[in-house]
1. Go through the stretch 9-18 and count every residue that is surrounded by fewer than 20 Cβ atoms within 10 Å (Cβ to Cβ), closer than 17 Å to Thr108 by Cβ and aliphatic (A, V, I, L, M).
2. Suppose we keep only residues that are buried (at least 20 other Cβ atoms within 10 Å of the Cβ) and either within 23 Å of Tyr81 (Cβ to Cβ) or among the basic types (Lys, Arg) (or both) within the stretch 145-158. Which one would you say is farthest from the chain's Cα centre (by Cα)?
3. Hey, among Gly91, Gly49, Gly21, Gly69, which residue is surrounded by fewer than 19 Cβ atoms within 10 Å (Cβ to Cβ) and closer than 24 Å to Glu168 by Cβ?
4. Take the stretch 25-43 and flag every residue that is open to solvent by less than 20 Å² (accessible area, probe 1.4 Å) and of a type in the set (A, V, I, L, M, F, W, C).
5. Any residue at all in the stretch 163-182 that's free of Cβ contacts under 8 Å to residues at least 60 places away in the same chain and under 25 Å from Ser92 (Cβ atoms)?
6. Contact list please: Cβ distance under 6 Å, first residue in the stretch 139-157 and more than 11 Å from Ala122 (Cα to Cα), second residue β-branched (Val, Ile, Thr), pairs at least six apart or on different chains.
7. Name every residue in the stretch 134-144 that is of a type in the set (A, V, I, L, M) and either out of contact with any helix residue (DSSP H, G or I) (no Cβ under 7 Å at 6 or more places or on another chain) or open to solvent by 40 Å² or more (accessible area, probe 1.4 Å) (or both), in order of residue number.
8. Scan the stretch 159-176 and tell me whether some residue there is open to solvent by 20 Å² or more (accessible area, probe 1.4 Å) and more than 26 Å from Thr9 (Cα to Cα).
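The values are calculated or read from the model by the stated rules, or taken from the named source; none is laboratory data. Keep in mind that what you see is a predicted model, and the values were worked out from it rather than measured. Cβ placement follows ideal geometry from the backbone for every residue including glycine, while neighbour counts extend to all protein chains displayed. Calculation scope for accessible area: heavy atoms of the full protein, side chains included, ligands and nucleic acids excluded. Shrake-Rupley method; radii C 1.70, N 1.55, O 1.52, S 1.80 Å.
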Amino acid sequence: MVFAELSLTGYEPSLIRDTPGLVLDEDDPRLAPVREACRTAGAAAVVNGPVRTGGSRPGITTLVIGPDGSLLARYDKQHLYGVEAEAFEPGSTDGRFALDGVRFALATCYDNRFPELAERAAADGCGVYLASSVLGADNDSFERVYPVRARDFGLYVVLGNALGANEECVGVGAAGAWGPDGERIADAGGTEPGFALAEVG
């Protein structure tokens, strides 16, 4: 299950910058409901929020919680956008994990504008590329980024996107997935909260 960028707090970089209590640790007790839900469902959750780094600012961090509730991977967004640079520390390491024989890559929103992330993922044997994002109606990523990454690098691309107002825009939903040919294989729609189910890998 792939959630949107900063889904643990909402996409509110200025609020996070000014409210240290919103920043999480990797083993934060506030993540207990997520870990329990993963154990109950036997599923993995790709959640994103402000998580402490070794620096003075948190990362925009993806934590992958496995089916047993343990941490499978961490990824800190490498390419910060706009006000994010005032509140967060950029990451420098690619995110990877394997589950059920499939190798997954992680990326967050603006990261996806940089094709080298997907190129490295494919070269590293990943079959699925997971993108947590916050995209509004005027964002062309649905046509010019996600299907292109899928087609150019032979990857399944799975998008978790915000729905509703936030500091950056009004998220338009449309979470879902593209197959390695660049065609949509799942779409959650953009009018009501919901989810899309896709077979990948």
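1. Final tally of qualifying residues: 0.
2. Across the stretch 145-158, the extreme among qualifying residues is Phe153.
3. Answer to the selection: Gly21.
4. Within the stretch 25-43, Leu31, Cys38 qualify.
5. Checked the stretch 163-182: no residue is free of Cβ contacts under 8 Å to residues at least 60 places away in the same chain and under 25 Å from Ser92 (Cβ atoms).
6. Tyr146/Val157
7. Correct list: Ala137 only.
8. Among the residues of the stretch 159-176, not one is open to solvent by 20 Å² or more (accessible area, probe 1.4 Å) and more than 26 Å from Thr9 (Cα to Cα), which makes the answer no.
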